[in-house]
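Colleague: I have a structure I would like to understand better, so I am pasting it below and will then ask my questions one at a time.
The values are calculated or read from the model by the stated rules, or taken from the named source; none is laboratory data. Computed from a predicted model, the values in this text were never measured in an experiment. Note that we place each Cβ from the backbone using ideal geometry, even for glycine, and neighbour counts take in every protein chain shown. Protein only, heavy atoms only, side chains kept; ligands, DNA and RNA dropped before computing areas. Shrake-Rupley method; radii C 1.70, N 1.55, O 1.52, S 1.80 Å.
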Amino acid sequence: APAASTTTTSTTAGGAPVIIVGGLSGFAAVYEPLAARLRGDGYRAFIYELPGLGFGDIAASARAFAGYVDQVRASTGAATVDVVAHSQGGLVARHYLKRLNGARAVGRYISLGSPQYGTYVANILAFLGLGNCAGIVSCQQMAIGSAFLADLNDGDDTPGPVRYTTIRTIQDELVRPVGNAALADGATNVLIQAWCPVRVVGHLGLAFDGTTYSVIRGALADAPVRPNCFAL
């Protein structure tokens, strides 16, 4: 059965389970409010905390995530899961989809402020309050131009039948430039402020913000992008 950080509740009729994938230094408990929103909408919500809180190799985290997806599918009987991934979690999930045959097991992929094409290392350091990237493998891998990202972004950004959505915010303190949180090849890329110009959402805020959640909920339902700019 899935690990203790997992939460399950009511099911949406025929709906896939939703796995929230945490980011760098993101304890499972941080994502409980997002899980609660999903449960309130009838989804079966699970939280995946990155191994070692995401300080290690992203590809290794993706291999562990592959096992977790299989556990969730086995415990729920669902053929596929949907993924809502925050920050580094979006890279973990994408590596799983692209390099570990994960696209067969995922219906929808939604990333929140994930540095898909990297970020300036200084932004990671400032965000985490670290001195430098020394010894922090994932930090080095999220730098623009890293070998990990060169491999991840070689070829199709959106492999398989998965529906890909990215959500980003102008005020993201970690992902710079902010456009690096978007994907090519047919992904639906949503910039919160393109719809809601005065909405202020930080990097962590993407996991808590009501407007962002209105985009997540729409993406899970395959609905047109129509953010609620006044959602709490």
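Colleague: How about segment 36-63: which of its residues are buried (at least 22 other Cβ atoms within 10 Å of the Cβ), aliphatic (A, V, I, L, M) and part of a helix (DSSP H, G or I)?
Modeller: LEU38, ILE58, ALA62
Colleague: Select from segment 82-103 the residues that are aliphatic (A, V, I, L, M) and within 12 Å of the chain's Cα centre (by Cα) and list them in ascending order.
Modeller: Those that are aliphatic (A, V, I, L, M) and within 12 Å of the chain's Cα centre (by Cα): VAL83, VAL84, ALA85, LEU91, VAL92, ALA93.
Colleague: Only residues that are closer than 19 Å to GLY186 by Cα and touching a Leu at 6+ places or on another chain (Cβ under 8 Å): list them for segment 150-169, please.
Modeller: Hits for segment 150-169 are LEU152, ASP157, THR158, PRO159, GLY160, VAL162, TYR164, THR166, ILE167, ARG168.
Colleague: What are the residues in segment 205-232 that are surrounded by 15 or more Cβ atoms within 10 Å (Cβ to Cβ) and charged (D, E, K, R), if any?
Modeller: ASP209, ARG217
Colleague: Sticking with this structure for a sec: For a quick check of your reading: which strands (runs of 3 or more DSSP E) sit entirely within segment 76-183 and have at least 1 residues that are of a type in the set (Lys, Arg) and open to solvent by 30 Å² or more (accessible area, probe 1.4 Å)?
Modeller: Per the criteria, 106-112, 163-168.
Colleague: When the residues of segment 184-199 are narrowed to those that are part of a loop (DSSP other than H, G, I, E, B) and within 16 Å of PHE230 (Cβ to Cβ), which ends up least open to solvent (accessible area, probe 1.4 Å)?
Modeller: CYS196
Colleague: Just one of (1) within 22 Å of ARG163 (Cα to Cα); (2) of a type outside the set (Phe, Trp, Tyr); (3) surrounded by 15 or more Cβ atoms within 10 Å (Cβ to Cβ) trips up GLY202, so point out which.
Modeller: Among (1) within 22 Å of ARG163 (Cα to Cα); (2) of a type outside the set (Phe, Trp, Tyr); (3) surrounded by 15 or more Cβ atoms within 10 Å (Cβ to Cβ), GLY202 violates only (1).
Colleague: Report, by residue number, each residue of segment 19-35 that is assigned to a loop (DSSP other than H, G, I, E, B) and closer than 17 Å to THR76 by Cα.
Modeller: Scanning segment 19-35 gives no hits.
Colleague: Return the residues of segment 200-221 that are in contact (Cβ under 8 Å) with a residue 60 or more places away in the chain and in a loop (DSSP other than H, G, I, E, B); say none if nothing qualifies.
Modeller: Result: HIS203, PHE208.
Colleague: Please work out which residue is nearest to TYR96 (Cα to Cα), limiting yourself to segment 64-75 and to residues that are open to solvent by less than 30 Å² (accessible area, probe 1.4 Å) and among the aliphatic types (A, V, I, L, M).
Modeller: Step by step, filter segment 64-75, then rank; the result is ALA66.
Colleague: Would you call SER111 hydroxyl-bearing (Ser, Thr, Tyr) and under 11 Å from the mean Cα position of the chain (by Cα)?
Modeller: yes
Colleague: Something else now. Residue check, LEU232 against (1) more than 14 Å from the chain's Cα centre (by Cα); (2) in contact (Cβ under 8 Å) with a residue 60 or more places away in the chain, all met but one. Which one?
Modeller: It is condition (2) that LEU232 fails.
Colleague: Every residue in segment 162-171 that is closer than 14 Å to GLY102 by Cα and in contact with a helix residue (DSSP H, G or I) (Cβ under 7 Å, 6 or more places away or on another chain), please.
Modeller: Residue satisfying the conditions is VAL162 alone.
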